[in-house]
Each structure stands twice: as C-alpha cells, then as structure tokens.
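Asker: Take this structure first; my questions come after.
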Amino acid sequence: MKVMSKINIFVKTIIITIFVFMLVGATSENNNSKVKNNYLNLSLDINKMSSKRDRKYEEYLAFINDNYSAKEQYTGDLTGYGADCPLCSGRLACMPSLDVLHGNYHFDDSTYGNVRIVASSSNLPCGSVIRFDFARQSDDPIIAIVLDRGVLGTDIDLLEENSQNARLYVGRSVITYDVLRRGW
C-alpha cells in the first residue's frame, strides 16, 4: 500500500506540474500578444509627408501675400488723438456702438488680429487696414484699421488712450503707409 500511495502522490505531482506549466505557458503567450507590432511591414512615405508640409507652407505664403502685401501706398500727416478730446464723443464714425472713451484704442479684426484704430478721410472706406512704421510707438510696423473719420486727404489720426498721450507719444509726423485691405 505504501508503494501505491507513493505512486499516487508521484502521479499527482506530475499532473500538477504539467498543469502549472500549461498555465505559465498560456499567460506568457498572452503577454507576447500584447506587445506584438502589426505595423512592422509599413513604411513612411516621406514624399507624401513633405508634399503636405509644402502645401501648408504655400497656403501660408499665399495668405501672407494676399493679406500683407500693399495694394496702394500714400503719404500723409500722422497725428494722434484721444477719445476724450474736447470735440470727441467717445464713439467712432464707422462703429458708433464701439465705445473708445475709456482707453479702448485697439480692435480685434478677424483677419489681422488685434490692431490699432485710426481715423481717415472718406478716401479710405471703413474697415480698411493700413500698415506704417512709427518708431516712437514700436520697432515693428503698426497695423491699424480705419474706424473713424475727421481728417482730410491722405492724413491719418492714430487713436490713443487719451489726448495727453496723443500729444506726448504721437504728435505730428509725415508718414508713408500701405493699404493692406480696402474696406470690409
């Protein structure tokens, strides 16, 4: 009997060992399937990627050329004015609902972003966008939109926070400016 019981224990040990090896083998196969790379045979089409990048760059250049190249060029006096001047109402001729009396002298244009506000004669329609250099204000060119009237000819008035800043930081200068967009 002792021999028979030792054989039963030996057989049970072998069966349990086989069962353990089967379990370990099954879990290692599952682990391997998690790290399989099904994309080993794929290749990158560098030319296609490059052509997409080139096309985007060309679209960007077209946007810059369309929106930032000068359509016309004028020379005139640049003066500063504040919405608090004695004859000013704090409202703009082209956009009467826009209150500029409390230091709001920028406008958020859908194409040009945050631009300065200027007054011009009716030679430039409302919504026209101009670009000019003015070192007293900025090292970069100033982009501005025509939203007010009250000047003659090709002169431009640059809106400032107040009349004092207009006198101190703008004064009166002769400038040449580019028209980037005529009207809305």
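Bear in mind these aren't lab numbers, they're just calculated from the coordinates by the rules spelled out. Computed from a predicted model, the values in this text were never measured in an experiment. Here the Cβ positions follow ideal geometry from the backbone for every residue, glycine too, while neighbour counts run over all protein chains shown.
Asker: Using θ = phi - 60° and the Karplus curve 6.51 cos²θ - 1.76 cosθ + 1.60, what whole-Hz ³J(HN,Hα) does each residue of the stretch 73-87 get, with Gly and Pro shown as x?
Answerer: 9, 10, 10, x, 7, 9, 10, x, 8, x, 5, 9, 5, x, 9
Asker: Starting from the Cα of Arg182, step 7 Å along the direction of its Cβ; do the same at Tyr68; then give the gap between the two resulting points in nm.
Answerer: According to this spin-label approximation, the distance is 2.3 nm.
Asker: Out of residues 5 or more away from His106 or on other chains, whose amide H comes under 5 Å of its own, with H placed 1.01 Å from N in the peptide plane?
Answerer: The answer is none.
Asker: Follow-up question, since we're still on this one. Less than 14 Å from a label point 7 Å out along the Cα-to-Cβ axis of Glu161: which backbone N atoms in the stretch 82-124 qualify, by residue?
Answerer: Label zone hits: 82-84, 101-106.
Asker: On a 0 to 90 degree scale, rounded to 10, what angle separates helix 46-68 from the longest Cα axis of the chain?
Answerer: 20
Asker: Kindly express, to the nearest 10 degrees and within the range 0 to 90, the angle between helix 2-34's C-alpha long axis and the longest C-alpha principal axis of the chain.
Answerer: Approximately 20 degrees, to the nearest 10.
Asker: Follow-up. Work out the FRET efficiency for Leu98 and Ser51 from their Cβ-Cβ distance, taking R0 = 30 Å, and round it to the nearest 0.05.
Answerer: On the way: r = 44 Å, r/R0 = 1.48.
In this case the efficiency is close to 0.10.
Asker: Hey, another quick one. Can you tell me which of 96-102, 111-117 comes out highest on packing, and rank the rest after it, using the mean Cβ neighbours within 10 Å? Don't skip to the end; give the middle numbers.
Answerer: Working: 96-102: 12.9, 111-117: 16.0.
My ranking of the peptides, most packed first, is 111-117, 96-102.
Asker: In terms of modelled amide H atoms, which long-range or inter-chain residues lie less than 5 Å from the amide H of Cys94?
Answerer: Result for Cys94 returns Asp148, Arg149.
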